[in-house]
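Each value in this text was obtained by applying a stated rule to the coordinates, not by laboratory testing. Values in this document were obtained by computation on a predicted structure and should not be read as measured data. Cβ: placed from backbone, ideal geometry, glycine included. Neighbour counts: every protein chain shown.
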Amino acid sequence: MAKTSKVKKKVVKAKNKTPAKTKVKTTSVKTKVAKTKVAKTKETIKGPIKISKTYIPKDTEKYMCEKHRVFFRMKLQEWRKELVKANNEALYNGSMDDNSISADIVDQASSYTDKNVEMKAINRQIKLISEIDKALMRIKDDTYGYCLDTAEPIGLKRLMARPVAKYTIAAQEKHEKDEKVHADD
């Protein structure tokens, strides 16, 4: 049994003609379905969600909704930008004061120690930038905000305090305990 589409007739007044004359417009059911599908897809395709600069995620909202992801993405990107800027300034300023030419051996030792401390701080910040990049990738993958071990929600308060957190508090404590045990071996 072949399916036939139903045709709905609609009476429409023709433009620029006398009211007595009308024309009949036919619309198939398939055409209407296609039009509603296009309308629905236009509704679901939304532009990027914008949030105010004072927005703070709330526990009453759905966990890791689009607003939360946008908030944390902006926070992580801003933090990354600040770290890169600080590293560049530290490297530039560190290369400017070079006391290694000094005749006094104590000054040279002091300069060397200062540079060593600065380089360790820069290395820590570079590792943090790497963690921020990984967190941004998790936001893209829709895995941000969930523990890598247990897949449970990490929690908004923890993410607000440490946006690069990968584990719930319990899983983090377990990881630290395991690291300490293996470090003693």
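For the reader, a short list of remarks on this structure follows.
- In Å, descending, principal axis extents of the Cα set of the stretch 66-184: 60, 39, 21
- Rounded to whole Hz, the Karplus (6.51, -1.76, 1.60) HN-Hα couplings of the stretch 137-148, x for glycine and proline: 5, 5, 5, 4, 7, 6, 10, 5, x, 10, 4, 6
- The phi torsions of the stretch 76-91, fed into the Karplus equation with coefficients 6.51, -1.76 and 1.60 and a -60° offset, translate into couplings of 5, 5, 5, 4, 4, 4, 5, 5, 4, 4, 5, 5, 4, 5, 5, 5 Hz, rounded to whole numbers, with Gly and Pro shown as x.
- Structure note, pairs LYS81/LYS174; LYS62/LYS85; LYS120/LYS177: Cα-Cα distances above 30 angstrom occur for LYS81/LYS174; LYS62/LYS85.
- For TYR146, distant residues with modelled amide H under 5 Å away: ILE154
- Length available on full extension from TYR112 to ALA86: 0.36 nm per residue minus the Cα-Cα distance, which gives 7.3 nm.
- Per-residue 3J(HN,Hα) values for the stretch 172-178, derived from phi via the Karplus relation 6.51 cos²θ - 1.76 cosθ + 1.60 with θ = phi - 60°, read 5, 4, 4, 4, 5, 5, 4 Hz in sequence order (x marks Gly and Pro).
- Within the stretch 104-146: backbone nitrogen closer than 18 Å to the ILE51 label point (7 Å, Cα to C-beta): 132-133, 135-146
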